[in-house]
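In what follows, a structure is listed as C-alpha cells, so that the remarks can point back to it.
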Amino acid sequence: MKKIGILFGKENSFPQAFVDRVNSKNEKDITAEFVKVDKVFQGEPLDYAVIIDRISQDVPFYRSMLKNAAICGTAVINNPFWWSADEKFFNNALALKIGVPVPKTVLLPSKEHPDDTSEESFRNLSYPFNWPAIFKYVGFPAYMKPFDGGGWKEVYKMHSSEDFFNKYNGTKQYVMMLQEEIIFTEYFRCYCIGGKYVKIMQYEPRNPFHERYVTEGATTDQKLLNTIKKYVIALNQYLGYDFNTVEFAVRDGIPYAIDFCNPAPDADVNSVGAENFEWVVETAATYAIERAKKQKPGQDNLIWGEYVKSSSTGSPLVSIQAPVKTAKAKPSTKAKTTGKAKTEKTVDENTGIKEA
Ligand SMILES: Nc1ncnc2c1ncn2[C@@H]1O[C@H](COP(=O)(O)OP(=O)(O)O)[C@@H](O)[C@H]1O
Ligand SMILES: [Mg+2]
C-alpha cells in the first residue's frame, strides 16, 4: 500500500477535502491521510510515498524532516531543497532570462543589521546606496515588498522618494525589493499543479478579500489567456514547483508576472470560491496519485526544475541555436531528471522559452 500524506498548519477546508478525494477514487494500493509523525531519525524513511507540504515555510522543523524523507524516497510536493533555495528576487531574474516579462525590480539591503552583525559586516557596500540610479530605474509609483514574503505582509505602495524613505526606514531586518508598479487593466491569479495543469482565475486585488475572484465579466481574450498559460507553465517548469500560484498584472496587453513564489498557495474554499476549490482538490488529488504511482522506494522522487537541470548538465538555460518554431501550449509532462543533456530545444519566437 502506498500512502499519500498531507502536512498542513492552520488551514481547514483543503486538507480534508484532498484526503477524501484521493480516497474516493479507490485507486488500487493507494490511500491518503493526514501525515502523522512521532519521531524523526536520520536516514530513516517516513511511511509515505508522497507528501503534500503546505506548511514547512513556517515550521523549519518540518523542512528538515521533509528533506530527510526525500532522501529516503518520499516524493515531496514541493521539492523542499528548491523551496529552501529560491526567493522572489532570484525568481524574477530567472523569469527575465527565460523571456517572461516582470516589473523592473531591485534588491535592497536590510535597513537594520541582521542579528550578530554590525557595520563591519557591510564593508563591501558603498554608502549611501546609489538611490538616484535606483529610483530612475524603477520609477514611481512603486511597490516595496520582502524578497521572500507572502500574504501581503510588509507590502507597500509608494509615490515618491520621500515616501520611500519613510517606509524603508521602518522595515527593520527585512530584505526588501523595490519594484515598478504595473498599472494594470486586468489581473490574474493562476494555479499550476504538476507543471502542467493550469487554472487561470481572474482576480481583482482591489476588492475586499472574499470578493477578489472575479466570477462575472472575466476576459475572453484567448490570445492573452494562451500567453498567460504558457508563461505559467514555463515559470513552474524552470523553477521546478509542483504546486504554485502565479499572479499577473496586464498592462498594454502584456502580462507581467508579479508574484510567482507561492508554493503553499491559499486554497481555502472561503477565499478561492467553490468552483476554484473543486478544481484544486480534484487536480491535486489526480496529481498526487500520479506521483504515488511513479514513486520508486529508496530513490530521489523529487521534481527538479529546468534551471537546476541545465546547470547540472552544463547546458544553456535557453538554447539560442535551437530551431525557432511557433509555441505549442502543451508542456512536457515528463521532464527527465537524469540522462544526457538536451542541447537542442524548440524556442518560442516571441519569448525565447524552450518548448519541450
Ligand atoms: N509591481 C506591482 N504592480 C502592481 N501591483 C502590485 C505590484 N506588486 C504588488 N502589487 C499588488 O500588491 C499585492 C501583494 O503583492 P505580492 O507581490 O503578491 O505579495 P505577496 O507575496 O505578499 O502576496 C498584489 O496582489 C498586487 O495587488
Ligand atoms: Mg501575492
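Just the projected area, averaged over all directions, of the convex hull on the alpha carbon atoms of the range 64-127: how many nm²?
7.5
Quick one: divide the alpha-carbon radius of gyration of the range 104-180 by 2.2 N^0.38 Å and tell me what you get.
Relative to the 2.2 N^0.38 Å estimate, the range 104-180 comes out at 1.08.
Work out, step by step, the length gained on full extension between Gln16 and Lys28: first 0.36 nm times the residue separation, then minus their alpha carbon distance; give nm to one decimal.
Net length gain for the segment: 2.3 nm.
Please build a GNM for the chain, connecting alpha carbons under 10 Å apart, and tell me which residue among Ala17, Ala95, Ala234 fluctuates the most.
Residue with maximal mean-square fluctuation among Ala17, Ala95, Ala234: Ala17.
Work from the charge dipole of the chain (Cβ charges, +1 for Lys and Arg, -1 for Asp and Glu, about the Cα centre) and give the residue of Leu239, Pro103, Ala85 farthest towards its positive end.
It is Leu239.
Of Lys28/Lys229; Lys97/Lys167; Lys28/Lys199; Lys157/Lys196; Lys67/Lys309; Lys28/Lys294, which pairs sit farther than 23 Å apart, going by alpha carbon to alpha carbon?
With Cα atoms farther than 23 Å apart: Lys28/Lys229; Lys97/Lys167; Lys28/Lys199; Lys157/Lys196.
Just need the relative contact order of the range 104-180 here, percent rounded to a whole number, with Cα pairs under 8 Å and 6+ apart.
The normalised contact order for the range 104-180 reaches 52 percent.
Please give the length that would be gained between Val40 and Tyr127 if that part of the chain were fully extended, namely 0.36 nm times their separation in residues minus their C-alpha to C-alpha distance (nm, one decimal).
That works out to 26.7 nm of additional length.
From a point 7 Å beyond the Cα of Ala93 in the direction of its Cβ, which residues of the range 121-159 have a backbone N at a distance under 17 Å?
125, 147-149
Tell me, what is the Rg over Rh of the range 99-229, with Rh the Kirkwood radius over Cα pairs?
Answer for the range 99-229: 1.05.
Compute, for the chain, the length of the dipole vector about the Cα centre, with Cβ point charges of +1 (Lys, Arg) and -1 (Asp, Glu) only. Units Debye, rounded to 20.
So the dipole magnitude of the chain works out to roughly 1320 debye.
When only DSSP loop residues count, what chymotrypsin sites (Phe, Trp or Tyr not before Pro) in the range 109-218 have their Cβ near at most 14 other Cβ atoms within 10 Å?
Phe129, Trp152
Starting from the exponent 0.38 and prefactor 2.2 Å, build the expected Rg for the chain from its residue count and divide its actual Cα Rg by it.
Scaled against compact globular proteins, the figure is 1.03.
All of the numbers you see were taken from the coordinates with simple rules; none came from a lab. All values derive from a computational prediction rather than experimental measurement. Note: ideal-geometry Cβ built from the backbone for every residue, glycine included; neighbour counts use all protein chains shown.
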